[in-house]
Amino acid sequence: MRPDILNPLFAETETLEGVGPKLKKPLERLGLTRVRDVLYHLPERFVTRRAVADLDEAGEGENIVVALTPVEHRASRNARAPYRVLAQDAKGNVLALTYFGRASYTAKKQLPVGEKRWVAGKLERYGDMLQIVHPDHVLEEGGENLGHLCEPVYRLSEGLTQPKVAGLVGQALAKAPELPEWIEAGQADREGWTGWRDALYLAHRAENATARDRLAYDELLANSLALMLVRADNRRRKGQPLKGDGSYRGKLALPFPLTGAQQRSIAEIEGDLAQDAPMLRLLQGDVGAGKTVVALEAMLIAVEAGAQAAMLAPTELLARQHFETLRRMAAPTGAEVALFTGRDKGKARESILMGLLDGSIDIVVGTHAIFQDKVAYRNLALVVIDEQHRFGVGQRLMLAGKGKRAPHVLAMTATPIPRTLTLAQYGELDVSKLDELPPGRQAIDTRVIGIERMDEVVAGVERHIAGGQQAYWVCPMVRDNETDDTAAAEARFAALKARFGNDVVMVHGQLDPGLKDAAMERFASGDAKLLVATTVIEVGVDVPAATLMVIEQAERFGLAQLHQLRGRVGRGAEKSVCLLLRSGELSETARDRLALMRETQDGFRLAEEDLRLRGGGELLGTRQSGEAAFQIADLEQITRLLPTAHDDARLLIERDGGLEGPRGEAARTLLYLFERDFGVRTLRGG
Ligand code: ADP
Ligand code: MG
């Protein structure tokens, strides 16, 4: 049971003043559903602005406050182009206030022509024109006070503004109670850490590394505790030893011999499955290393032993792809493979449920729907989780409760995580590595090209498609704002559609899931030739006929992310090409990073180099889309603080007799505070 003291924090965001159905949506898009989430929505950075009398006083790239008088509103002819308000400063200099998407409604209201307004934002140049994109503030009066003020900058989504989010954070802070301290007093003193509540206040108010460290430490401690509890719980439970007789595996007719790494991994898994204790193993292998067939062999061992196996995929589309692949590969063995997603309805659904219950289905592939309460298995003994970094520990715990005995768990990931970080993300799992790619893979021809050669690139895509092959076009994160990413992707899509017509489809994060899946399916089936996407395609899609990838503003991506993206091509026998489009002048580091992409295709090397060149940041996956393993701790903090958090967690659990005593109590509160990410099932009843 969640401690009562946390209740105000777990209330919905609607309990905050000013949040109704209209504001709820954009908050949800940022992953903010409860007061707690708003509290932990820490500023991305802080700005200090300078008040200037006119634009002559200001430099490009500077954050300023200036009095402006709107002279003209320019709605765009093209619905995808931005909305611009031209405004004059005291000297008659003209500047554009630029708005993407629905933000133009705000502009219309806030900037009546002829009336002076204080505008705060970052001064930029766009062509010949000075501009401020999405000003942080537009005020009728009191603008002078915005100068010299240090203000937090929060990540936004469409429909939110900085002042609105800051207001909600303020309310959330006011609701935050003092919590019992879970950090050991000696350590807090040494580090100069305040209590939890004060740390939150400080972290929202100004740049404060100490406060942020403390909050990151909380998260890491909660993570370590949760992983250790799962592990301990798992050890207490009996698993089901699975010994296969080879009868199913022997009938597999794979079109290729297994690599040495695949054979080794399968042997390791087979050894684990034969034990009483449930397996907890991570199969780590670069994109294209051939994890699927390893998973199939593992699942067939379960089937040979008279049990069932399930494979969990992060999206419907991936579930369907895995299902097709596995069904095809498993066909000669006679194992019954089924697909189960949240979308199945009526008779089809009933029949699968029945098959799982009576055991006529041996292997089921699906999304998390396969672990709903209504789904009962005759004897589920092995769970394979694909791309597990997209799943919280909570889900892992949920599945642990499914079988009568704890199922064996095989997690698969292509995320190249340096060794120091495996611990943080997976705890003490056993690891099998596919460190050898199947033979005959051709290197992907990777080139870095300036954006000014866009016409050539588009012409290249056209030739490629005309030759019967497919291509990806990846659009970047444009700003810190999802709205703008979408706008940019949509604009590119519109331009490419004008050229390629119905051959182009698009997917991005704000698209309705149904539409997204439909687009992906048209592409996967070969019906559509060009897929325009934001980074949502990062994980797992397997379309061997897609042999060209264009990545726009490649310098904005992390190396690990570029590597994941590039791994979508080079999957078939055809030579594949990856074009990294860079915009304008690059810093030396940025140039080095792109050069490295050209040089190597080794995910681990890229991950380590990324860490070295940039101090990391993206290794733990897709922070921007809110699916990262950690919400607060960044890579540097993880590397620095995790070992202590890990030891601390161990002491709390082992030496202090579980989570007893006052500090143990406090640690439970901490676990509940992070409930969403780290299920607390293991705490129930002891
Ligand atoms: P991953 O999931 O690790 O990214 P997949 O399992 O999708 O990789 O495999 C990528 C491709 O390589 C698939 O088309 C698969 O059939 C093929 N493949 C797997 N193992 C081998 C092998 N030993 N030799 C040749 N091709 C293989
Ligand atoms: Mg895969």
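Quick one: would you say GLN561 is closer than 24 Å to ARG29 by Cα, crowded, with 19+ Cβ neighbours inside 10 Å and either of a type in the set (S, T, N, Q) or more than 18 Å from the chain's Cα centre (by Cα) (or both)? Reasoning before the result, please.
Details: closer than 24 Å to ARG29 by Cα: yes; crowded, with 19+ Cβ neighbours inside 10 Å: yes; either of a type in the set (S, T, N, Q) or more than 18 Å from the chain's Cα centre (by Cα) (or both): yes.
Against the criterion (closer than 24 Å to ARG29 by Cα, crowded, with 19+ Cβ neighbours inside 10 Å and either of a type in the set (S, T, N, Q) or more than 18 Å from the chain's Cα centre (by Cα) (or both)), GLN561 qualifies.
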Scanning for something assigned to a helix (DSSP H, G or I), away from ligand 2 (no atom under 16 Å from the Cβ) and under 30 Å from GLN442 (Cα atoms), does region 222-245 turn up at least one residue? no
Under 7 Å between Cβ atoms, at least 6 apart or on separate chains: pull out the pairs that start in region 282-294 with a residue that is in a helix (DSSP H, G or I) and of a type in the set (Lys, Arg) and end on any residue that is more than 9 Å from ligand 2 (Cβ to nearest atom) and open to solvent by less than 20 Å² (accessible area, probe 1.4 Å). LYS291/LEU283; LYS291/LEU434
Being in contact with a strand residue (DSSP E or B) (Cβ under 7 Å, 6 or more places away or on another chain) and in a loop (DSSP other than H, G, I, E, B) is the filter; apply it to region 88-107 and report the residue that is surrounded by the most Cβ atoms within 10 Å (Cβ to Cβ). ASP89
Look at region 164-208 and say how many of its residues are open to solvent by 10 Å² or more (accessible area, probe 1.4 Å) and outside any helix (DSSP H, G or I). 13
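Kindly evaluate ALA335 against the criterion of being at pLDDT 90 or above, within 14 Å of ligand 1 (Cβ to nearest atom), in contact with a helix residue (DSSP H, G or I) (Cβ under 8 Å, 6 or more places away or on another chain) and within 23 Å of PHE256 (Cα to Cα).
Values: at pLDDT 90 or above: yes; within 14 Å of ligand 1 (Cβ to nearest atom): no; in contact with a helix residue (DSSP H, G or I) (Cβ under 8 Å, 6 or more places away or on another chain): yes; within 23 Å of PHE256 (Cα to Cα): yes.
Judged against the criteria, ALA335 is not a match.
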Of residues in region 283-317 being surrounded by fewer than 22 Cβ atoms within 10 Å (Cβ to Cβ) and at pLDDT below 90, the one farthest from ligand 2 (Cβ to nearest atom): GLU316
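Filter region 108-148 down to residues that are aliphatic (A, V, I, L, M), in contact with a Pro (Cβ under 9 Å, 6 or more places away or on another chain) and open to solvent by 20 Å² or more (accessible area, probe 1.4 Å), then give me how many there are. Break it down into steps so the answer makes sense when it comes.
Kept after step one, since they are aliphatic (A, V, I, L, M), are these residues of region 108-148: 111, 113, 119-120, 123, 129-130, 132-133, 138-139, 146.
Cutting the leftovers down to in contact with a Pro (Cβ under 9 Å, 6 or more places away or on another chain) gives us 111, 113, 119-120, 133.
Now narrow it down to the ones that are open to solvent by 20 Å² or more (accessible area, probe 1.4 Å): 113.
Counting residues in region 108-148 that are aliphatic (A, V, I, L, M), in contact with a Pro (Cβ under 9 Å, 6 or more places away or on another chain) and open to solvent by 20 Å² or more (accessible area, probe 1.4 Å) gives 1.
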Scan of region 552-581 for residues that are within 16 Å of ligand 2 (Cβ to nearest atom) and either touching a Pro at 6+ places or on another chain (Cβ under 8 Å) or not charged (D, E, K, R) (or both), ordered by number: HIS563, GLN564, LEU565, GLY567, VAL569, GLY570, ARG571, GLY572
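Based on this model, can you work out whether ASP512 counts as open to solvent by 10 Å² or more (accessible area, probe 1.4 Å), over 21 Å from the mean Cα position of the chain (by Cα) and over 26 Å from LEU586 (Cβ atoms)? Please lay out each step first, then the result.
On the way: open to solvent by 10 Å² or more (accessible area, probe 1.4 Å): yes; over 21 Å from the mean Cα position of the chain (by Cα): no; over 26 Å from LEU586 (Cβ atoms): yes.
The answer is no for ASP512.
Could you please let me know if ALA75 is farther than 24 Å from SER104 by Cβ and aliphatic (A, V, I, L, M)? Explain how you work it out, then say what you get.
On the way: farther than 24 Å from SER104 by Cβ: no; aliphatic (A, V, I, L, M): yes.
So ALA75 does not fit the description; no.
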For region 318-352, enumerate the residues that are within 19 Å of ARG378 (Cα to Cα) and either within 16 Å of ligand 2 (Cβ to nearest atom) or open to solvent by 30 Å² or more (accessible area, probe 1.4 Å) (or both). GLY334, GLU336, LEU339, ALA348, ARG349, GLU350, SER351
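I want to confirm something. Restricting to region 322-371 and keeping residues that are among the charged types (D, E, K, R) and under 28 Å from the mean Cα position of the chain (by Cα), which single residue is nearest to PRO513 (Cα to Cα)? Quick ask: steps written out before the conclusion?
The initial filter retains those residues of region 322-371 that are among the charged types (D, E, K, R), namely 324, 327-328, 336, 343-345, 347, 349-350, 358, 362.
Retained after the next criterion (residues that are under 28 Å from the mean Cα position of the chain (by Cα)): 324, 343-344.
Values: GLU324: 20, ARG343: 11, ASP344: 15 Å.
Among those residues, the one meeting the criterion is ARG343.
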Starting from residues that are in contact with a strand residue (DSSP E or B) (Cβ under 8 Å, 6 or more places away or on another chain) and not aliphatic (A, V, I, L, M), keep the ones in region 73-87 and report whichever is farthest from ALA489 (Cα to Cα). HIS73
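So which of GLY167, GLY159, GLY239, GLY192 is more than 30 Å from PRO26 (Cα to Cα) and either under 24 Å from the mean Cα position of the chain (by Cα) or touching a residue at least 40 places away in the same chain (Cβ under 8 Å) (or both)? Steps first, answer last, please.
Values: GLY167 fails: more than 30 Å from PRO26 (Cα to Cα); GLY159 fails: more than 30 Å from PRO26 (Cα to Cα); GLY192 fails: either under 24 Å from the mean Cα position of the chain (by Cα) or touching a residue at least 40 places away in the same chain (Cβ under 8 Å) (or both).
Answer to the selection: GLY239.
Of the residues ARG84, ARG102, ARG117, which is in contact with an Asp or Glu (Cβ under 8 Å, 6 or more places away or on another chain) and over 17 Å from ASP136 (Cβ atoms)?
On the way: ARG84 fails: in contact with an Asp or Glu (Cβ under 8 Å, 6 or more places away or on another chain); ARG117 fails: over 17 Å from ASP136 (Cβ atoms).
Matching residue, one of ARG84, ARG102, ARG117: ARG102.
In region 435-470, how many are away from ligand 1 (no atom under 16 Å from the Cβ) and open to solvent by less than 80 Å² (accessible area, probe 1.4 Å)? First the steps, then the outcome.
If we filter region 435-470 for residues that are away from ligand 1 (no atom under 16 Å from the Cβ), which is where we start, we get 445-469.
Right, trim to open to solvent by less than 80 Å² (accessible area, probe 1.4 Å) and you get 445-446, 448-451, 454, 457-462, 464-465, 467-469.
Total satisfying the criteria: 18.
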Failed item, numbered, when GLY621 is tested on (1) assigned to a helix (DSSP H, G or I); (2) open to solvent by less than 30 Å² (accessible area, probe 1.4 Å); (3) at pLDDT below 80: (1)
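The values are calculated or read from the model by the stated rules, or taken from the named source; none is laboratory data. Bear in mind that the values here come from a model prediction, so they are computed numbers and not experimental data. No Cβ is skipped: glycine too gets one built from the backbone with ideal geometry, and neighbour counts run over all protein chains shown. Areas reflect the complete protein model, heavy atoms only, side chains present, ligands, DNA and RNA absent. Shrake-Rupley method; radii C 1.70, N 1.55, O 1.52, S 1.80 Å.
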